[in-house]
1. Probe radius 1.4 Å, ligands and nucleic acids ignored: give me the carbon and sulfur share of the accessible area of segment A:260-301 as a rounded percent.
2. So what is the calculated 222 nm ellipticity per residue for chain B, using -39500 (n - 2.57) for each DSSP H run with n of 4 or more, over all residues, to the nearest 500 deg cm²/dmol?
3. For segment A:284-356, what is the relative contact order in percent, using Cα pairs closer than 8 Å and at least 6 residues apart in sequence?
4. Calculate how many DSSP beta bridges within segment B:13-143 are antiparallel, expressed in % of all such bridges and rounded to the nearest 5.
5. Per residue, how much accessible surface does the protein assembly as shown expose to a 1.4 Å probe? Answer in Å², no decimals.
6. Within segment A:178-221, whose backbone N sits under 14 Å from a point 7 Å along Cα→Cβ of B:ARG86?
7. Which value, in debye to the nearest 20, gives the size of the charge dipole of chain B about its Cα centre, when Lys and Arg are +1 and Asp and Glu are -1 at the Cβ?
8. Would you rank A:LEU150, A:LEU31 by solvent-accessible area, highest first, keeping every protein chain in place and using a 1.4 Å probe?
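The values are calculated or read from the model by the stated rules, or taken from the named source; none is laboratory data. Only a predicted model underlies this, so the values are computations on that prediction, with no experimental measurement involved. Cβ sites come from the backbone with ideal geometry, for glycine too, and all protein chains shown count toward neighbours. Note: accessible area is taken over every heavy atom of the protein model, side chains too, but ligands, DNA and RNA are not part of it. Shrake-Rupley method; radii C 1.70, N 1.55, O 1.52, S 1.80 Å.
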2 protein chains.
Amino acid sequence: MMQRTPGFPRDSEQELRVPIDALRQFVVGLLVHKGMFEAEARIAADRMVEADARGTYSHGTWALKRYLDAMDAGDIDPRAQVLTLREGPSTAALDGGNGLGHVAATRGMQLAIRKARETGVGAVTVVRGQHYGAASVYALLAARDGLIGLTTTNTGSPTVAGYGSRQALTANNALAWACPVRNGPPIVLDMAVGETSWGKIAAHRLYGLPIPEKWAWDAEGRSTTDPNAATTILPAAGARGFGLAVMCGVFSGVLAGGRFATQKKTSPFAAGSEHFFLALDPEHFTDRETYFDEIDRTIQAIRAAEPADGFDRVRVPGEPEAEHESQAVTEGIPLHRDHAAELAELAAAAGIEVPW
Amino acid sequence: MMQRTPGFPRDSEQELRVPIDALRQFVVGLLVHKGMFEAEARIAADRMVEADARGTYSHGTWALKRYLDAMDAGDIDPRAQVLTLREGPSTAALDGGNGLGHVAATRGMQLAIRKARETGVGAVTVVRGQHYGAASVYALLAARDGLIGLTTTNTGSPTVAGYGSRQALTANNALAWACPVRNGPPIVLDMAVGETSWGKIAAHRLYGLPIPEKWAWDAEGRSTTDPNAATTILPAAGARGFGLAVMCGVFSGVLAGGRFATQKKTSPFAAGSEHFFLALDPEHFTDRETYFDEIDRTIQAIRAAEPADGFDRVRVPGEPEAEHESQAVTEGIPLHRDHAAELAELAAAAGIEVPW
């Protein structure tokens, strides 16, 4: 089998396909049913369904049940207002009011984009932001507007081991960046700081597969291949993954006025999440055409490279996800049957029809 | 043996110790002998000797011979002037004029710091910057001034394999960040995007040790443990290291108006390097004391964690290097005898006395 999105199993016999627009409208219905304004529900649905379309299910609608449960528990406020705490020509600090994370995060990146258009750079933090889903979709907001976008997030309490430690010391913080391309999809990196993500571990559980060695420890600190026994993820590339994890925690968490993972002892939604957004306008640094010409040459050079064993061709970062999205646009988003069944249960409880 | 800076061998019997000030003055002498102004030679010597003091020899004075050779070859201009190409309240694009990289890079980060003090964020690129040594020392300039600093660099032609490729597609670009701490040394991450650095491979050669498996390939694309046979480094954590490598290449190289590694075919100094500097002032996002309190709590929590086997205690990112620096301040910088001998040869050619 040719390897595309590494670490995510796929099996079309266990999946069904749902049109993008229908899934989006379905998510809007579930969120509005919890009391969200439709305009904000649409923003959140756009981000979640884009994550699904790109194959990042764990950070798309698969997380929806947890969001709705957190609304029921009072940890996510469906009617939260996003407040501006501090603002300058190139910076802003927002308070997401513990609303659904995607709404304040989208505002955060959009504000960074506006500031970057005016001053060349925009840096925006969001405190009390809650889980914002897939980091890539925010970086993409900037790249589709012709800007370089970067985002990091500081999620819940520790689940990733510190380097040189037996203990989890950081959350599996995410870092994403995207850069605009003259034609075709932006170049995108969306990475967690651990050797893997909880979403990939859950996907292995869903597809009934063991996880690779060196991804995670069990509760006794032993390496495990059982997705059900994994309790602590190892930091990617040792000291580097740990260093990046702390970096994300400082840029998004501490800078935003929030807490670092080691000071988050409660459940993820009770503890909240914080985010950082950066947008850069290439025109403030070089000529736009010079920038695009060099990006074009880079993409061509990467694609022309000789593939390693097990790969059909060499892809630029984010290209496998863009291929997944392109196929989802024409054929619908493939959802695992258990994932679809869980969404159907949510719909039944809300009295909403499923679009499949 | 307790593991501190991972991947760097040490053996005190092969080393001699040189006082920091003496080494700095020695470097100034060598650079002034090539025609640099003393004020600029001091800037470069500060950065290089700080890298040595932190144990990052490969990016400190060990690289000096290559810089001096590049001056002789006409690739580095000792009398280059740093020009401002574009400037706004929060951004600037500098042209380093192919001078010794440390000079324009120091100006770049200092300018980012000044802009961040005024507007909360400063983003500065440097094109025609040349190799700037250790990335960490620029991030540290910001952190020692109470700001969060980040830098990436786009060095020479490809030496690190692309993910899914048999070919080298990126340089071993570096990414460093540092955050200010109320008391004590800043938290610092300084990482390359490959599984290892050419400096670590050279250090293994210097100490007569094999390199670990999965660090590098030989010319035939086979995994090798021979530091002399290594020609291509593997990307750290596969797709993530490659994604970060491309990110660094875009943020520092393409954004600055320079070329991506795949378009650099000549020798590193003929092809030049480009850099990116970002500084953020926490006060524009949250209260300074809130920020420092949370950083203090984070450091305490990390240091209090239970160490894994082979570690005496858990350290925050950058702490091993700060320990090395602290010892170097009191006892002098330990230099490998071959490294010292090479510096002595340079001194002899310039008619300068060695301080050991």
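1. That share works out to 50 percent.
2. Only helices count here, giving -11500 deg cm²/dmol.
3. Averaging sequence separation for qualifying contacts and normalising by length gives 13 percent for segment A:284-356.
4. 45 percent
5. Accessible area per residue, the protein assembly as shown: 36 Å².
6. A:180
7. Approximately 880 debye in magnitude.
8. In descending accessible area the options line up as A:LEU150, A:LEU31.
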